[in-house]
1. What is the mean projected area of the alpha carbon convex hull for the protein assembly as shown, to one decimal in square nanometres?
2. So how many Å³ per residue does the convex hull of the Cα atoms of region B:169-251 work out to?
3. Given the pairs C:K17/C:K225; C:K602/C:K670; A:K53/C:K602, which are separated by over 25 angstrom at their Cα positions?
4. Expressed as a whole percent, how much of the Cα-Cα distance distribution for region C:520-656 exceeds 22 Å?
5. In square angstrom, what is the accessible area per residue of region C:411-487 with a 1.4 angstrom probe?
6. State whether chain B is rounded, prolate or oblate according to the following rule on the C-alpha gyration tensor (a ≥ b ≥ c being the square roots of its eigenvalues): a/c under 1.5 gives rounded; otherwise a/b larger than b/c gives prolate, and the remaining case gives oblate.
7. So for the protein assembly as shown, taking the charge dipole from beta-carbon charges (+1 Lys/Arg, -1 Asp/Glu), which of A:I72, B:G110, C:Q77 sits furthest toward the positive end?
8. Please report, in debye to the nearest 20, how large the charge dipole of the protein assembly as shown is about its Cα centre when each Lys and Arg carries +1 at its beta carbon and each Asp and Glu carries -1 there.
Amino acid sequence: MSNVVDRNSADIAAKTTQIALTINGLDRRLELDPRTSLLDALREHLHLTGTKKGCDHGQCGACTVLINGRRINACLTLAVMHEDDDILTIEGLGSPGALHTLQAAFVERDAFQCGYCTPGQICSAVGMLAEAKAGWPSHVTADVGSRDIVLTDGEIRERMSGNICRCAAYPNIVAAIRDVAEDART
Amino acid sequence: MRPFTYERATDSRAAVTAVSRAGAKYISGGTNLLDLMKLDIEQPSHLVDISRLPLKDIDELPDGGLRIGAQAVNSDVAADGRVRTRYPVLSQALLAGASGQLRNKASVGGNLLQRTRCPYFSDTAAACNKREPGSGCSAIGGFNRIHAILGASDACIATHPSDMAVAMTALDAQVELLGADQAVRHVALVDFHRLPGNTPHIETVLQPGEMITAVVLPPPPPGRQLYRKVRDRASYAFALVSVAAIVAAERGTITAARVAFGGVAHKPWRGTEAEAALIDHPASGATFRAAADAAFASAVGRGHNNFKIELAKRTLYRTLAQVTQPDEDTP
Amino acid sequence: MTAMIGKPVNRVDGPLKVSGQATYAYEHWENDVGQPLYGFIVGATIGNGRIARIDTTRAERAAGVQLVMTHLNAPVQGIPTPDPSVPLPYWVAKPELSSPDIHHYGQPVALVVATTFEQARAASNLVDVEYTAEPGHYEFAARHDQAYAPKTLVMGIATDTAVGDFDSAFAGAEVKIDQRFTTPYEFSQPMEPNVCLAVPHRDGEELTAYVSTQIVSAARARIAKTLLMDPQRIDIVAPYIGGGFGSKLAVHAETILALLAARQLKQPVKVAMTRQQIFQLVGMRTTSSQRVRLGAERDGRLVALAHEATMYANPQEEWAEPMAAFLRSLYAAPNRLTRHRLVPLDLQGNEDVRAPGEAPGLLALESAMDELAHALAMDPVELRIGNEPTRDPERDVPFSDRRLVECMREGAHRFGWEGRPARPGSRRDARWLVGYGMAAASRGHPQAPTKARVRIGADGNAVVQSDMTDIGTGTYTILTQVAAECLGLPMDRVRVELGRSEFPTSWGSGGSWGAANSSNAVRRACEALCEKQRTADGRIPAEGLEAEGEIVGASDDPNFTNYSMSSYGAHFAEVGVDIDTCEIRLRRMLGVFAAGRILNHKTARSQLIGGMIWGVGAALHEEAVIDSRSGAFVNRDLAEYLVPVHADIPEIDAIVLDGFDDKANALGVKGIGELSICGAGASIANAVFNATGVRVRDFPITLDKVLPGLPLAEV
């Protein structure tokens, strides 16, 4: 357990906690109010603003990051709960000069407009493709007992439904993900 | 969100001890607790993080059942091969809930304890007997489209939002609890959540400090299983109504039936009246209709949610038709 | 000169956006910005009345709190005064915390500023407010007897029009449709919330506002008028905007409050509305009750046409949406009438939401046209073609470029319209009832005064500058294409810089005017630059060359008087309705559009598809519900205010007819940002009717409204 720094013993609110997070392969040390969400730790303390705050309540998916390879909503978890976890954000996935295949597919398919939900869509897609590869079923899988998961457009849509795009680039997002999923198969 | 102190529990015994202090709460996935803390609905002063306790395993039981650790996340349970083949209704229910991201974080224990989606509950400016006992119920006379049609009271018409718990209710699940006194007890899930009555703020039979350690599934019941969720958009939405059905039929006659409903009551609702109307009856439209009528004979609408009564009946009718007729077209 | 305009090139800002490197307003951590403080808005919990007492003691004592601003200590601010030079309200002052009076639920009563976001949010719950509540009027349906006619609609559009003798013609018509449609409150809800990072300089004498806004010049004007400052001392920075859809045409409380606090504290302050607050602090699309009357001959020829829209308005800031105005130029009929009425309610002021006017108006009108086609047993496409006007039927001027018929014919062909179920409720696919529907689309083409600057260096690289914004619309990309083509440069030698108040002014992004305005201004700047270069014998001097280009607003352009100018389209939708539960799912959808010349076929298609999906939301999902007891929006988050998600959207395609509107502007371009919403929802509503035989006139069409009309399908 991390040690607690007590700046003002009379006021519990002033207590911050020192934590160490591993983000995009780098160890980062932070002194945080325990109330700090992982999302706010990234954006306001580490200035990793690629992860977006859309609703702050797990209702839009803009804050999606990968924890130990799994996609989650960074707004609904406390930073302090993620010591020893491997945190991957959009910045760790690729950069403008060296895009991840999904990032490149999003550009090619014009799978975004305003771009605000986009990092979350891409991180979500990374996690989603891993889930499908692991044979996880979805709500639209006809037989949840079957291990043979075919990533149809319908499967992609259902599995990506936790990421809202108000510009409604949905058909292009599905196309971009389909491109990458097909490339991975061939 | 009010200030709180945080500690990570190292084992279950330490956790129940740690949570015994005033204002303390467990946090697991946090997907509902933090949501409500941000809105000042939940106000813990101390959080005991139990998400890393060794309660994530899904274990075979000697009787053929499964013991699902309370800290197993929803997606792991849904993807578990044994759940998918032996308890497909549970897998289907989990996959019908929330989003991929939320399922990766939300725990089984936390799912059972999630709070209602009643908008007045999550608005500190509105009267709500669940949040502030005695203040009144804003949903009665207010916008109550998503509210309860069964088992509600004049104090509260909120619904329980879980899909998972509906399937588990149909599966006769037991909840395994570790008490503040370190004693373990089991409660049938059907008895775990309470109806609102005059105390809608008391939602479960959990004792102070008690922690959910596992959900125990008995061996799979005979028959086919199906979970059907009806909602306003195709995904990432709470149920208007949902049905978990497990029905066995021999030579056209129903021999065993378990039915549970979501989105209709303050708790996952076991449809005992529907079950009685099914067992020993022919697997026919007339039987399904009788079951649907029996299930919702005591249903009461509150205005905007009146449609749920007919919707729930139809959803049950069709789910029964599908679960008893394998060739029935799936929507 | 290499042709670049129209090419489906990738977005030039794409690599930045997909890698999380595009910087939105709340995200500026540049060295000169500094560590900001965090502001959190406290909203009123009554809908009408006044603050009787407000006690900030507890909040001020809370950890980290630097300032609690209320009406008791907020600086004096400018008052809203209409600006005769601009016919829209976004340029007008918007004071906050300026009086104890409460005019709508959620109105800011305090701003809490603290060192951290967590501290500010926690302390916001410690502001103690006592209210003297007064009865408020919140229920639209109950107040229709209070309806009044506004002097004009927005932009000076006429409130009512009448041609011929509607009443007699309608009375004598062989086939009549007389129906009332209702549409709900809707919100834009772009993914990026309304936010502002306010940075003071020189002790607050000067301000930089990093703000999420569609119109930089409007943001600057509103800030200057509200804070009583010289606009030249205010710098607006908005390089990337996470969507707008009307909700960021104006800056709101987040910007005014952040700037007031930053100025007072002489430190940077940032404020973001929570998603819940956006539902109370940003204007919504008005709810409406629309009566549509269509009178036709047996052959389908319309003889009488009336569209009367009743909407709500906040008495403090009346804003009348032109909900029936599009009909004045859509279909031919000798006798016609359009009317707009407003019902005053104690709610926040309504505002533009993508395609104000046409979006809700066409839901009603194009549903009614479908009812008429059904009553006449006519093909809905042929009914519309039969009522195609040759000239604008109310203004009696020619159309600049119409092509609605072509859109419908092309769409019908590509969609397989001839294979539609002839009788409602007649087609089954497994557990689904299947139906087809179509609707026409039209959207007025506006034009606003716009300037742009182009500079070319001795190295041959060009820079384009305008305070125009890219809210996801592709402005960076299309202006790069226009400048590259006009200057004869490859795209990678052109850099477009947008969203700063130091650049030449425009009306930004909104009203579907952004692309046409800015591309034509850039074209003129490029032409002026080329002329300068020719004068310099083709040489670029060491200090480079610079030129400005400008276009005038519609009122100063005779073509807008002499021609009826709109963009057009047609939607075709196929839906499935669950035979038991009446869940409605879109199965496929096609839109065909004519909007003059297209600047980039890739980004245009994306925007058109996005608009069509807004139509899906309007038809099936979106509805913000008022609690008529409190005046609060009940379902004020994204879990309960439902917008379409991935799973709701099947294969959708949008096709653009290549064209060139030579009356619109020199590039032949018209706007597409809103066109594709218009009519989209009606095509889905009509498909639901075709699938089920149930006509729902109360939007959105949720399953509970279909259920009573569809009997249980027996096993």
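The values are calculated or read from the model by the stated rules, or taken from the named source; none is laboratory data. Model, not experiment: these values are computed from the prediction. Don't worry about glycine lacking a Cβ; one is built from the backbone with ideal geometry, like all the others, and counts go over all protein chains shown. Protein only, heavy atoms only, side chains kept; ligands, DNA and RNA dropped before computing areas. Shrake-Rupley method; radii C 1.70, N 1.55, O 1.52, S 1.80 Å.
1. 45.3 nm²
2. In region B:169-251, the Cα convex hull volume per residue is 154 Å³.
3. C:K17/C:K225; A:K53/C:K602
4. 65 percent
5. 30 Å²
6. In terms of gyration-tensor shape, oblate.
7. B:G110
8. Charge dipole, the protein assembly as shown, about its Cα centre: 660 debye, nearest 20.
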